[in-house]
Amino acid sequence: MPPVTDTQRAALVDAFGRVATDLRISLTDKCSLRCTYCMPAEGLAWLRKSELLTDDEIVRLAGLFVSLGVTSIRLTGGEPLLHPTVPAVVARLAALRPRPELSLTTNGIGLVHMSGELVRAGLDRVNVSVDTLDPERFRELTRRARLPDVLAGVAAAAAAGLHPVKINAVLVRGSNLGEAPALLGWALRHGYEMRFIEHMPLDAQHAWTRDTMVTADEMLAVLGDYLLRPIGHGADGSAPAEEFEVLDGPGTAEWAVRPGRLGVIASVTRPFCRECDRLRLTADGQLRTCLFARTETDLRGPLRDGADDDDLARLIRLAVAGKQAGHGIDAADFVQPDRPMSAIGG
Ligand code: SAM
């Protein structure tokens with residue numbers, strides 16, 4: 001690999017002084033589930049293979065981001081485990097220097113078979129989406145009867161040494177909201193970290209409304225039987241989840257042997273844009289500086305046209321410099337981005 005030049009070395013700082021250190025890479029826009037709050041039953045118009053970054057392109061861009069100060073990379077999608085060579089991608093990312101922390105967000109289907117290989121390749125952590133523990137509700141919410149595969153995947157990830165296993169659940173009124181205490185209890189008993197997520201205006205159907213979404217206040221109210229101590233947004237204050245230590249609650253005797261953690265990701269009602277250190281690279285090579293951005297920077301085109309690393313670094317810097325102050329969901333003129341969450345990389 002050629003030596004890192006000075007243009008590349010300095011940190012990625014935006015106009016508001018935020019430094020980008022966290023990169024989410026979407027490996028595919030396709031998914032094996034059809035969560036009702038995410039996409040329609042028939043799926044979406046998927047990207048063509050020729051539009052997707054190749055593994056070499058992903059690794060080259062990731063290496064450039066690392067040289068520009070990115071210290072953690074999360075693989076996501078769509079469903080990243082549908083990418084045919086995901087362990088090889090992880091291994092190549094783990095070989096970057098300085099080595100980034102490597103994590104993956106997945107629906108869990110596939111973890112039974114792949115957890116060991118992913119750990120050997122260098123994966124550090126995993127987030128698994130489990131919106132419900134009820135098989136029938138899972139089928140309704142995801143339109144697929146795959147709960148046993150997901151739960152087996154979560155167990156396999158923990159057994160393979162991926163730690164901490166974080167569990168994501170989007171809470172939906174009239175569906176899984178009332179199940180939140182049971183989900184937290186299950187996570188505590190198994191030593192997983194539960195994270196409840198506010199539904200964001202990123203659904204492909206554009207059906208999101210502020211009135212129907214479950215707010216962080218409601219989530220915490222539903223969890224009223226638990227004694228929670230707020231501990232902030234991670235060690236450096238930039239984590240999307242507002243974290244809580246679970247001090248007491250139903251079934252304490254079963255889980256109190258280890259300290260329990262809970263996270264609430266309240267992007268809508270408790271935005272954390274001022275501390276945002278995240279960038280996103282879509283599966284077709286577009287750089288997004290905000291989940292809700294309406295503009296993207298094409299990196300794939302210049303890459304395929306022969307741009308060198310300095311050219312690409314300039315494009316990345318320019319994009320970061322123009323990162324918007326906040327997501328603007330509260331603004332009267334807020335318009336939902338064209339790309340849904342599944343095509344951005346959640
Ligand atoms: N397929 C993987 C998974 O299921 O985790 C990774 C991609 S998925 C888009 C990442 C996370 O985004 C999941 O936890 C999912 O529940 C969540 N999600 C999807 N659409 C969302 C929305 N409109 N608002 C909030 N979270 C959403």
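The values are calculated or read from the model by the stated rules, or taken from the named source; none is laboratory data. Nothing here was measured: the structure is a model prediction, and the numbers come from that model. Note: ideal-geometry Cβ built from the backbone for every residue, glycine included; neighbour counts use all protein chains shown. Keep in mind that these areas ignore ligands, DNA and RNA; they rest on the heavy atoms of the full protein, side chains included. Shrake-Rupley method; radii C 1.70, N 1.55, O 1.52, S 1.80 Å.
Values as computed for the structure displayed
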read-out	value
Hey, R261 modelled with pLDDT of 95 or more and either surrounded by fewer than 17 Cβ atoms within 10 Å (Cβ to Cβ) or part of a strand (DSSP E or B) (or both) or not	no
Selection within segment 200-224 - in a loop (DSSP other than H, G, I, E, B) and touching a strand residue (DSSP E or B) at 6+ places or on another chain (Cβ under 9 Å)	M200, P201, T212, V214, L223
Count of residues meeting criterion [surrounded by fewer than 19 Cβ atoms within 10 Å (Cβ to Cβ) and within 22 Å of P240 (Cα to Cα)] in segment 70-82	2
Neighbours by Cβ (under 6 Å, 6+ apart or cross-chain): first from segment 144-170, hydrophobic (A, V, I, L, M, F, W, C); second assigned to a helix (DSSP H, G or I) and within 12 Å of the ligand (Cβ to nearest atom)	A156/L111; A157/L111
Count of segment 19-51 residues which are open to solvent by 50 Å² or more (accessible area, probe 1.4 Å), without any contact (Cβ under 8 Å) to a residue 24 or more places away in the chain and not in a helix (DSSP H, G or I)	4
R304 vs. criteria modelled with pLDDT of 95 or more and touching a Cys at 6+ places or on another chain (Cβ under 9 Å)	no
Index of the failed condition, D56 passing every other in (1) more than 22 Å from R314 (Cα to Cα); (2) among the acidic types (D, E); (3) surrounded by fewer than 22 Cβ atoms within 10 Å (Cβ to Cβ)	(1)
Count of segment 314-346 residues which are surrounded by 20 or more Cβ atoms within 10 Å (Cβ to Cβ), within 14 Å of L281 (Cβ to Cβ) and away from the ligand (no atom under 16 Å from the Cβ)	3
Selected residue (criterion: modelled with the lowest pLDDT) from residues of segment 265-275 that are closer than 23 Å to L75 by Cβ and either under 13 Å from the mean Cα position of the chain (by Cα) or within 16 Å of the ligand (Cβ to nearest atom) (or both)	F272
Tally of residues being in contact with a strand residue (DSSP E or B) (Cβ under 6 Å, 6 or more places away or on another chain) and in a loop (DSSP other than H, G, I, E, B) across segment 264-284	3
